[in-house]
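Take a look at the structure below.
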Amino acid sequence: MNNGQPDRLAATLALDESVERVRLVSPGRAKALAGLGIRTVRDLVTHFPRRYVDLSAKETVASAVIGSSCTIEGSVHEIKLKRPKPRLSLVEISLVDSTGLLMVTCFRQPWLMDQVKPGMRIAVAGEAGVQLRLQAHDQPVP
């Protein structure tokens with residue numbers, strides 16, 4: 001430091017250091033980052049996601065528009081683990097806010113059963129949709 005100012009040369013050189021110099025970046029994580037082409041601190045700070053999801057667009061259960069992406073916040077009423085097929089696990093979360101009930105389905109995430117408990121306040125983000133479970137018969141038998 002020179003007169004309370006950071007040394008710009010040292011700061012520039014730090015950007016060219018290995019990504020492993022960053023706190024909490026283990027050798028395993030550095031290897032995973034290298035798979036994305038991120039090898040230096042400079043690579044890391046200039047890597048931008050390929051898409052941006054705006055989680056600030058909050059809606060209520062009643063005001064969520066079918067087919068649009070939104071974030072809904074509420075209290076967990078119930079959580080269930082289902083296995084419709086031997087190698088497929090589904091976690092169904094009943095989320096309640098002041099306007100209604102939302103059924104959230106999480107595919108292949110059974111660990112959520114340990115993390116999410118009834119009564120917790122959580123926010124979920126994604127595309128609002130409707131799933132109808134109807135059984136139809138072409139030729140009903142009397």
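The values are calculated or read from the model by the stated rules, or taken from the named source; none is laboratory data. The model shown is predicted, which means the values in this text are computed figures rather than measured ones. Cβ placement follows ideal geometry from the backbone for every residue including glycine, while neighbour counts extend to all protein chains displayed. Just so you know, the surface numbers come from the protein's heavy atoms only, side chains and all, with ligands and any DNA or RNA stripped out. Shrake-Rupley method; radii C 1.70, N 1.55, O 1.52, S 1.80 Å.
In the chain, the calculated helix contribution to ellipticity at 222 nm averages -4500 deg cm²/dmol per residue, counting -39,500 (n - 2.57) for every DSSP H run with n ≥ 4. A protection proxy built from the mean count of other Cβ atoms within 10 Å ranks the segments 96-103, 20-27, most packed first, as 96-103, 20-27.
Look at the Cα gyration tensor of the chain: its axes a ≥ b ≥ c give a/c of at least 1.5 with a/b over b/c, and that counts as prolate. Extension gain, Ser26 to Asp43: 0.36 nm times the residue separation minus the Cα-Cα distance gives 4.5 nm. Would you work out the relative contact order for the chain, in percent, from Cα pairs under 8 angstrom that are 6 or more residues apart? Relative contact order here is 19 percent. A simple packing score, the average count of other Cβ atoms within 10 Å per residue, orders the peptides 108-114, 40-46 as 40-46, 108-114, with the highest score first. For the chain, the carbon plus sulfur part of the accessible surface works out to 54%, probe radius 1.4 Å. With q set to 0.29, 0.30 Å⁻¹, the log10 of I(q)/I(0) for the range 22-79, from the Debye formula over equal scatterers at the Cα positions, is -1.26, -1.30.
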